Amino acid sequence: MNQWKDNARYSAARKIVLALRGAGHQAYFAGGCVRDLLLGVEAKDFDVATSATPDVVMGMFEKTYSVGAHFGVVLVCSRADEMEMTTEVATFRHDGAYSDGRRPDAVKFSADPREDVLRRDFTINGMLLDPIVYDETADVGAATLDYVGGREDLQAGIVRAIGEPALRFAEDKLRMLRAVRFAARLEFEIEARTMAAIRTTASEIGQVSSERIRDELTLMLTEGHARRAMELLDTSGLLMYVLPEALRMKGVEQPPQFHPEGDVWVHTMLLLEKLKPGVPATLAWGALLHDIGKPATFRPPDPKKPGDRIRFDGHVDVGVRMAETILGRLRFSNEDTEQIVALVKNHMRFGDILQMRESTLKRFLRLPKFDEHLALHWMDCMSAHCDLKLYEFAKDKYEAAPVESMRPKLLVTGRDLIAAGYRPGPEFKTMLEAAEDAQLEGVATTTEEGMAVVQERFGAPRIAS
């Protein structure tokens with residue numbers, strides 16, 4: 001039985017294959033969708049590989065985009081169920097030299113599917129599928145073209161480079177990170193020669209753009225096997241080049257009364273283990289970086305002070321600065337940077353939540369995406385002492401408090417202060433916060449009461465003579 005028959009993207013790609021075949025060209029499904037079929041999991045996209053050249057492909061279909069015609073790649077657009085879909089159609093090719101370690105200097109189009117497969121990255125991604133044969137027979141074996149032993153490696157749970165591993169990684173250094181990601185996500189092992197080539201070439205990962213590294217790391221953190229991915233980055237030697245700050249967490253002891261699980265690295269790995277597939281990228285990066293400032297602020301117990309313990313004074317402030325540096329280096333957007341840094345900055349505030357004034361608590365609970373702060377705190381607790389008292393308190397307060405009570409319309413504005421005779425200046429911000437605090441705590445319920453609070457704290461306005 002064809003498990004994809006009701007999938008609109010599958011149907012769109014199948015129609016493209018039929019059209020290309022009808023015009024006398026070879027055409028197959030290629031890459032990850034074939035791997036996913038053999039694994040019995042849902043494919044996100046269905047790519048087509050064909051002997052037709054890009055200009056032929058663009059001439060055959062009504063709506064196309066050339067996203068890499070030089071490399072043989074065309075996007076073909078189609079509609080189904082009121083949804084527009086794009087299918088990547090790539091011409092069989094043989095790549096020339098990769099002088100920059102990222103993309104081939106030149107490509108030569110080919111009519112031989114075997115030649116196209118041999119320039120791909122890993123055996124499990126190097127198989128082709130004939131959707132027509134699959135529809136007719138429901139026999140994956142009969143429909144699959146496997147020139148590189150991909151099916152055997154799938155069954156054995158192995159990520160293996162096609163051909164000579166060192167050559168594959170010399171062509172495109174990003175493939176090293178992709179090997180780690182596939183091994184982590186699929187819970188596979190990286191084949192010995194492939195791993196050896198990664199270790200030899202790891203120092204050259206810097207030839208890859210920061211954006212591509214960021215995107216691969218983000219996928220590793222959000223596909224459900226973040227701990228395994230981070231550990232593979234470590235054992236492959238890649239971690240010291242893509243995120244050296246994380247390595248410094250290793251061996252940094254923590255006070256056992258709060259962290260019986262072990263050092264900062266172990267604690268962070270336990271958090272990553274709790275990240276579910278599809279988790280927001282900002283939360284995933286917040287989990288990875290929340291204690292990144294601890295190694296730099298480690299202070300052992302003072303032997304002259306009985307009962308003293310390990311401390312990390314100022315680790316949040318240091319962590320915020322380090323997170324900003326890391327996220328800037330990886331070219332994160334301002335929006336994502338702001339949220340990830342906020343997670344690092346505020347993760348220790350839960351410790352004070354029972355003593356917070358009502359106004360402080362409401363300001364805390366109204367932080368943007370507070371659900372991510374809650375999720376990070378839960379993971380932090382469950383990866384240490386497992387005491388969820390503060391988490392439950394915060395969660396109950398957050399879920400019970402209506403939005404209007406946490407962010408009500410302000411009773412006192414800058415215009416009110418000016419109308420009362422106060423001169424605009426740096427003190428305005430503090431005055432407005434004092435009035436809002438009174439409002440959040442229920443002390444002030446009218447503008448007049450809010451202004452009374454301001455006047456009591458800051459004095460009456462000085463009217464110029």
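The values are calculated or read from the model by the stated rules, or taken from the named source; none is laboratory data. What you see is a predicted model, and the numbers here were worked out from it, not measured in a lab. A quick note on method: Cβ atoms are made from the backbone with ideal geometry, for glycine too, and the neighbour counts reach across all protein chains shown. Only protein heavy atoms, including side chains, enter the accessible area calculation; ligands, DNA and RNA are left aside. Shrake-Rupley method; radii C 1.70, N 1.55, O 1.52, S 1.80 Å.
Brief remarks follow.
- The residue of the range 360-398 that is nearest to the chain's Cα centre (by Cα), among those that are within 25 Å of ALA438 (Cβ to Cβ) and outside any helix (DSSP H, G or I), is PRO368.
- In the set (1) modelled with pLDDT under 95; (2) in a helix (DSSP H, G or I); (3) surrounded by fewer than 19 Cβ atoms within 10 Å (Cβ to Cβ), ASP6 fails one condition alone, (2).
- Extreme residue, farthest from GLU115 (Cα to Cα), among residues of the range 15-33 that are buried (at least 19 other Cβ atoms within 10 Å of the Cβ) and modelled with pLDDT under 95: CYS33
- Qualifying residue in the range 139-153 (condition: free of Cβ contacts under 8 Å to residues at least 40 places away in the same chain, out of contact with any helix residue (DSSP H, G or I) (no Cβ under 6 Å at 6 or more places or on another chain) and not in a helix (DSSP H, G or I)): yes
- Hits in the range 311-336 (condition: assigned to a helix (DSSP H, G or I) and either hydrophobic (A, V, I, L, M, F, W, C) or open to solvent by less than 30 Å² (accessible area, probe 1.4 Å) (or both)): HIS315, VAL316, VAL318, GLY319, VAL320, MET322, ALA323, ILE326, LEU327
- In the set (1) open to solvent by 60 Å² or more (accessible area, probe 1.4 Å); (2) at pLDDT 95 or above; (3) not polar (S, T, N, Q), GLY126 fails one condition alone, (1).
- Hey, PHE458 open to solvent by 40 Å² or more (accessible area, probe 1.4 Å), at pLDDT below 95, aromatic (Phe, Trp, Tyr) and at negative phi or not: yes
- Taking the range 337-360 as the range and being open to solvent by less than 10 Å² (accessible area, probe 1.4 Å) and over 20 Å from ASP291 (Cβ atoms) as the test, only SER359 passes.
- Taking the criterion of being open to solvent by 10 Å² or more (accessible area, probe 1.4 Å), out of contact with any strand residue (DSSP E or B) (no Cβ under 8 Å at 6 or more places or on another chain) and either assigned to a helix (DSSP H, G or I) or under 21 Å from ARG214 (Cα atoms) (or both), the residues of the range 174-202 that qualify are LEU174, ARG181, ARG185, ALA192, MET195, ALA196, ARG199, THR200, THR201.
- Candidates in the range 34-83 are the residues that are part of a strand (DSSP E or B) and among the polar types (S, T, N, Q); of these, the one that is most open to solvent (accessible area, probe 1.4 Å) is SER66.
- Every residue from the range 207-225 that is within 10 Å of the chain's Cα centre (by Cα), open to solvent by less than 40 Å² (accessible area, probe 1.4 Å) and not acidic (Asp, Glu): LEU217, THR218, MET220, LEU221, THR222
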